[in-house]
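Participant: Please see the structure below; I have some questions.
The values are calculated or read from the model by the stated rules, or taken from the named source; none is laboratory data. On a predicted model such as this, the values are computed, not experimentally measured, just so you know. As a convention, Cβ positions derive from the backbone with ideal geometry for all residues, glycine included, and neighbour counts pool all protein chains shown.
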Amino acid sequence: MLVIYAAITVQRWDSNFFTNVYVGLAWWVWQGKETAKSPFPPPRVIGRKVEARGHVPLYLPPTAIVTSERLKALREHMRTHNLSAYIVPNTDAHLSEYIAERDKRLTWMSGFTGSSGTGVITLQKAVLFTDSRYWIQAERQMDCNWELQKSTWVTSIGQWLFNEVPAGETIGLDPFLFSVDTWYSYHQILEGASRILNMSEVNLVDLVWGSERLPPPTNTIYCLTDDFIGSTWQEKVAHARSQMEQHNKEPTAILLSGLEETAWLFNLRGDDIPYTPVFYAYTLLTKTDISLFVNRSRLSTEALQILTAGCPGSLCVKVEDYDQIGDSLRKYAHQDGVIIWIGTEYTTLGLYKEIPQENLLEDDFSPVMLSKAVKNSKEQKMMEAAHIRDAVALIQYLVWLEKNVPKNSVDEVSGAHYLDTLRREELYCQGPSFQTISASGLNAALAHYSPSNFTSQKLSPNEMYLLDSGGQYFDGTTDITRTIHWGEPTAFQKEAYTRVLMGNIDLSKLVFPPRTSGENLGERGKRKQEKTDILTDDFPELCLLQISTWRTTFMYRITS
């Protein structure tokens with residue numbers, strides 16, 4: 001097997017936004033059978049159906065877990081609730097991209113740890129739907145109870161359910177783990193074909209998980225100091241209210257469901273989710289009132305004082321219990337003359353159903369989320385300073401690698417840990433911004449690979465090394481990618497790397513009008529690669545090109 005992966009990150013500051021452009025080209029060429037060098041058996045052996053589905057399989061890779069008892073218990077609950085199938089997404093009640101351990105229901109049921117995927121369990125089968133970034137990883141991690149479907153499209157999942165679930169039978173799901181758009185896509189495919197979608201009152205995976213599931217977090221939620229904020233929370237609230245006043249639909253309230261929305265609005269931080277300084281909360285902001293739904297005991301004394309300093313008045317934050325969001329939203333939404341502005345990308349079906357249609361104003365993103373993406377001059381300077389300090393740690397790491405890789409003393413795990421250590425020595429660093437992708441040789445073909453003791457390989461001067469990592473700082477968030485070869489790359493490796501570099505340079509020089517989509521920019525970056533035969537139709541699923549305004553910077557990362 002020959003693996004080529006070239007990736008470069010361009011960070012660009014403009015007066016109104018920060019764009020993190022990532023250009024990646026992954027090319028995977030099979031040459032006969034896997035060599036003895038690979039620590040894993042051929043993928044064709046892993047993840048296939050077995051006749052004795054209820055028993056522990058005779059053969060599993062070391063990275064897989066046995067799920068027989070968990071599936072058996074889930075199916076018992078499905079029968080109790082008269083369900084023929086149950087859908088398990090990989091998200092939380094805020095539709096977050098990165099989720100806490102207690103919300104990793106798909107991982108607990110299947111063993112699959114990738115960030116993108118949907119599980120579907122029937123009374124006879126268990127299937128994982130995921131995209132090409134995770135196909136190899138899924139086959140390494142799932143036992144023989146699970147089948148892999150190489151798609152994430154809702155239409156593909158819906159078609160599979162249509163084929164597997166007879167007409168008149170019921171499919172269950174947790175409405176607080178599904179977006180409005182996803183629900184209606186399933187509804188259109190299945191209910192029109194006499195398959196019933198049931199919004200379960202309880203999450204069946206949670207019933208099976210039981211006491212083993214981690215409890216809700218209780219750690220302290222704290223304030224950012226004035227040095228690290230672009231605007232006060234009062235200024236941000238005033239701006240959101242002005243947007244309500246200017247809207248022709250005259251909304252009376254904004255509902256914030258995305259965790260980063262509330263954290264940004266109030267200049268608060270937590271650590272409920274690994275690598276992301278957010279906390280579980282909702283906000284209902286009206287023209288005269290502010291309700292923050294978070295467990296009050298978690299707020300630091302300083303945070304509580306700052307939020308309630310304006311009481312009574314229009315800048316007084318009323319702190320309500322996190323679990324009261326449903327009741328409070330329902331009570332407000334059924335008043336005469338109210339219009340609630342929501343961002344459907346982060347609002348779950350469960351909350352959406354609490355608001356009468358005539359009282360809804362829908363956009364993809366709330367005005368607060370869009371305001372968060374526009375950085376003022378102070379925020380831009382902070383982000384630049386964070387990147388400079390992060391670059392110091394990165395350069396130290398690259399020098400260390402150059403000295404130690406030839407000694408055969410560095411593997412993927414030890415390298416990632418050392419980089420984390422170097423970052424933490426930098427001013428204001430709070431840790432990594434995502435799990436470091438430290439991948440050598442064959443592992444570099446996995447787009448979101450993170451090393452473990454089972455998979456870690458030695459870094460070799462004769463193989464390419466992919467590093468994708470970042471840091472969380474009080475004044476900014478970083479995400480960098482580098483591809484390194486300490487020996488003599490092949491002509492093919494040089495060609496692949498150079499084509500990606502050329503596309504990246506084109507993007508860095510590109511002048512484009514406002515509201516240009518990442519998809520349109522991606523076409524520009526791809527041109528240099530299309531001029532060579534590197535991209536062919538032989539392995540279309542193994543070519544990776546991602547060019548976008550990454551959500552890790554705009555939406556999911558807290559940068560100021």
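Participant: Would it be correct to say that GLU302 is of a type in the set (Asp, Glu), within 29 Å of ALA100 (Cβ to Cβ), touching a Gly at 6+ places or on another chain (Cβ under 8 Å) and touching a residue at least 40 places away in the same chain (Cβ under 8 Å)? Can you show your working first?
Facilitator: Details: of a type in the set (Asp, Glu): yes; within 29 Å of ALA100 (Cβ to Cβ): yes; touching a Gly at 6+ places or on another chain (Cβ under 8 Å): no; touching a residue at least 40 places away in the same chain (Cβ under 8 Å): yes.
Here the answer is no, as GLU302 does not meet what is asked.
Participant: Among the candidates ILE325, ILE355, single out the residue that is touching a Leu at 6+ places or on another chain (Cβ under 8 Å), surrounded by 18 or more Cβ atoms within 10 Å (Cβ to Cβ) and not in a helix (DSSP H, G or I). Give the steps one after another, and end with the answer.
Facilitator: Numbers: ILE325 fails: not in a helix (DSSP H, G or I).
Result of the check over ILE325, ILE355: ILE355.
Participant: Scanning the stretch 225-252 for residues that are among the hydrophobic types (A, V, I, L, M, F, W, C) and assigned to a helix (DSSP H, G or I), which turns out surrounded by the most Cβ atoms within 10 Å (Cβ to Cβ)? Give the steps one after another, and end with the answer.
Facilitator: Of all residues in the stretch 225-252, those among the hydrophobic types (A, V, I, L, M, F, W, C) come to 228-229, 233, 237-238, 240, 244.
Keeping just the survivors that are assigned to a helix (DSSP H, G or I) gives 228, 233, 237-238, 240, 244.
On the way: PHE228: 19, TRP233: 20, VAL237: 22, ALA238: 14, ALA240: 20, MET244: 20.
Among them, the one singled out is VAL237.
Participant: Now a separate question. Do the conditions hold for ARG133, that is, is it within 25 Å of the chain's Cα centre (by Cα) and basic (Lys, Arg)?
Facilitator: Values: within 25 Å of the chain's Cα centre (by Cα): yes; basic (Lys, Arg): yes.
Taking the combined requirement at face value, the residue satisfies it.
Participant: Sort out for me the helices (runs of 4 or more DSSP H) sitting completely within the stretch 476-560 that have 2 or more residues that are more than 25 Å from the chain's Cα centre (by Cα), among the β-branched types (Val, Ile, Thr) and at pLDDT 85 or above. Give the derivation first.
Facilitator: On the way: elements: 491-509, 518-530, 551-554.
Filter on the stretch 476-560 gives 491-509.
So that you can scan it fast, the table gives a plain yes or no per residue for (1) exposed (fewer than 14 other Cβ atoms within 10 Å of the Cβ); (2) closer than 30 Å to ARG423 by Cα; (3) in contact (Cβ under 8 Å) with a residue 60 or more places away in the chain:
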| residue | (1), (2), (3) |
| --- | --- |
| LEU256 | no, no, yes |
| LEU268 | no, yes, no |
| ILE273 | no, yes, yes |
| TYR280 | no, yes, yes |
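Participant: Quickly run through the stretch 113-161 and pick out the residues that are in a helix (DSSP H, G or I), of a type outside the set (Gly, Ala, Ser) and surrounded by fewer than 16 Cβ atoms within 10 Å (Cβ to Cβ).
Facilitator: Restricting attention to the stretch 113-161, the residues satisfying the condition of being in a helix (DSSP H, G or I) are 132-141, 154-161.
From the residues that got through so far, the ones that are of a type outside the set (Gly, Ala, Ser) too are 133-137, 139-141, 154-155, 157, 159-161.
Correct list: THR155, GLN159.
Participant: Using beta carbons and a limit of 7 Å, which pairs, at least six apart or on different chains, have the first residue in the stretch 483-495 and closer than 20 Å to LEU459 by Cβ and the second one among the polar types (S, T, N, Q) and loosely packed, with under 15 Cβ neighbours inside 10 Å?
Facilitator: GLY487/ASN462
Participant: Moving on to the next point. In the stretch 212-224, how many residues are loosely packed, with under 11 Cβ neighbours inside 10 Å and either of a type in the set (Lys, Arg) or touching a helix residue (DSSP H, G or I) at 6+ places or on another chain (Cβ under 8 Å) (or both)?
Facilitator: 3
Participant: If you don't mind, there's one more thing I want to ask. For the stretch 162-203, what are the residues that are in contact with a strand residue (DSSP E or B) (Cβ under 6 Å, 6 or more places away or on another chain), more than 15 Å from THR348 (Cβ to Cβ) and in contact (Cβ under 8 Å) with a residue 40 or more places away in the chain?
Facilitator: Of everything in the stretch 162-203, those that are in contact with a strand residue (DSSP E or B) (Cβ under 6 Å, 6 or more places away or on another chain), more than 15 Å from THR348 (Cβ to Cβ) and in contact (Cβ under 8 Å) with a residue 40 or more places away in the chain turn out to be GLU164, VAL165, THR170, ILE171, GLY172, ASN198.
Participant: Now for a different question. Within the stretch 352-404, which residues are among the small types (Gly, Ala, Ser), over 28 Å from GLY337 (Cα atoms) and touching a Lys or Arg at 6+ places or on another chain (Cβ under 8 Å)? Break it down into steps so the answer makes sense when it comes.
Facilitator: To start, the set of residues in the stretch 352-404 that are among the small types (Gly, Ala, Ser) comprises 366, 371, 373, 377, 385-386, 391, 393.
With over 28 Å from GLY337 (Cα atoms) added as a condition, the list becomes 373, 377, 385-386, 391, 393.
Once the filter is applied, which keeps residues that are among the small types (Gly, Ala, Ser), over 28 Å from GLY337 (Cα atoms) and touching a Lys or Arg at 6+ places or on another chain (Cβ under 8 Å), the stretch 352-404 yields only ALA393.
Participant: Among the residues of the stretch 96-111 satisfying the criterion of being among the hydrophobic types (A, V, I, L, M, F, W, C) and crowded, with 22+ Cβ neighbours inside 10 Å, which is farthest from PRO175 (Cα to Cα)?
Facilitator: Initially, the stretch 96-111 is screened for residues among the hydrophobic types (A, V, I, L, M, F, W, C), giving 99-100, 106, 108-109.
Retained after the next criterion (residues that are crowded, with 22+ Cβ neighbours inside 10 Å): 99, 106, 109.
Details: ILE99: 17, LEU106: 16, MET109: 19 Å.
Out of the qualifying residues, it is MET109.
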